[in-house]
Amino acid sequence: MDFVNYGFESSMMPEDSQGIPARITAVHRGRYEVVCELGQGLASLKAGEYYNGEELFPTTGDFVLIDWQGEGESRILKTLSRRTLFSRLDPSSSGHAAQAVAANFDYVFIMQSLNHDFNVRRLERYLTLTWQSGAEPVIVLTKADLVPDYSEQVGEAETVSFGVKVIVISAKTGFGLEQLSDYLMPGKTIVFLGSSGVGKSSLVNALAQSDFMDVKEIREEDSRGRHTTTYRQLILLPQGYMLIDTPGMRELGMWDVTEGIGQSFADVEEYLGKCKFSDCRHKTEPGCAVQKAIADGNLSAQRWNSYLKLKKEVKYTDDKMGYLRERQQRHKEFEKSKRMRKKTDK
């Protein structure tokens, strides 16, 4: 098996590393599906490295080092550095932890269907998290065959996306799929994000030109699709690019999106710092640049309220992020000291 097809580059290997490079293709409770130059198989974490805080727990798309066991279960020894990472507030943690959704991808297809799923406020949240991940977002509006006119939804998406490509498709008829070709290049990895039933699995099948994934029919009463994908998985298609399909997300909590908000709400933040008073709360103070922009129609009140809501969520999780930053710093310091010890022992 040519592992290079999965996006691996020799420069990813750390110095004096042990183990065989592999990529995580799926995550199940405590077990991981992996692929490497020797084949595909299952793996579990080496407890000594992971449960004492030395290593970051891997997620779908991560490159790792493994102790390959052939027909048996391999052990994951180390998580390699990530180029990009999509994470959200873990809905099962009561607001105390982040959940890594996918890693090492190039593009994020933010998917919403044009019939009943389209929601511009949710779109703002996906854009914020995608910008924070370090990858390039692409807005994909699905199920064009179910609506007679989608110009209004496209206009709303373009209003909050600021140059992000908005593509309208129908996986059923093939309409618009050719517009995705610029992103579907060999060696590239694309993450599909969206609510249940927006057509992620249908798009995978359309791109693969086969019934690669199970697809359930939409419900007649509300035209929504039923949830199909139950876990995150990385798929290498014959054309040479990879897709990471994700389950629909009922909750999309913010987690450390300081940079993402700055990019997603650049139109809002351009007015900050321009008020008459430096301590302006942007409410009823005279000379408020934000309120003037709203009154003049240059900034919508809905957009401003969305910004405030996300900022409030970020502030709420700031103290939780301290723990994660400290853990990542400890990991870096541990790796540095380990390299120094190896050099000293030589």
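Hey, can you tell me all the residues within segment 5-24 that are outside any loop (DSSP other than H, G, I, E, B) and without any contact (Cβ under 8 Å) to a residue 24 or more places away in the chain? Once the filter is applied, which keeps residues that are outside any loop (DSSP other than H, G, I, E, B) and without any contact (Cβ under 8 Å) to a residue 24 or more places away in the chain, segment 5-24 yields S10, S11. Residues that are surrounded by fewer than 20 Cβ atoms within 10 Å (Cβ to Cβ), under 17 Å from D106 (Cα atoms) and not aliphatic (A, V, I, L, M) within segment 180-215 comprise S181, D182, Y183, P186, G187, K188, listed in sequence order. Counting the residues of segment 13-37 that are at negative phi and loosely packed, with under 15 Cβ neighbours inside 10 Å gives 9. Could you tell me whether any residue of segment 186-193 is at pLDDT below 95, within 26 Å of R83 (Cβ to Cβ) and of a type in the set (F, W, Y)? Yes, segment 186-193 contains a residue that is at pLDDT below 95, within 26 Å of R83 (Cβ to Cβ) and of a type in the set (F, W, Y). Which one is modelled with the lowest pLDDT, of the residues in segment 14-56 that are among the aromatic types (F, W, Y) and over 25 Å from K188 (Cβ atoms)? Checking each candidate, the answer is Y51. Tell me, yes or no, whether segment 154-162 has at least one residue that is within 18 Å of the chain's Cα centre (by Cα) and in contact (Cβ under 8 Å) with a residue 24 or more places away in the chain. Yes: segment 154-162 contains one or more residues that are within 18 Å of the chain's Cα centre (by Cα) and in contact (Cβ under 8 Å) with a residue 24 or more places away in the chain.
Residues in segment 25-43 that are in a strand (DSSP E or B) and small (G, A, S): A26, G39, G41, A43.
The values are calculated or read from the model by the stated rules, or taken from the named source; none is laboratory data. As the structure is a computational prediction, the values presented were derived from the model and not from experiment. Note that we place each Cβ from the backbone using ideal geometry, even for glycine, and neighbour counts take in every protein chain shown.
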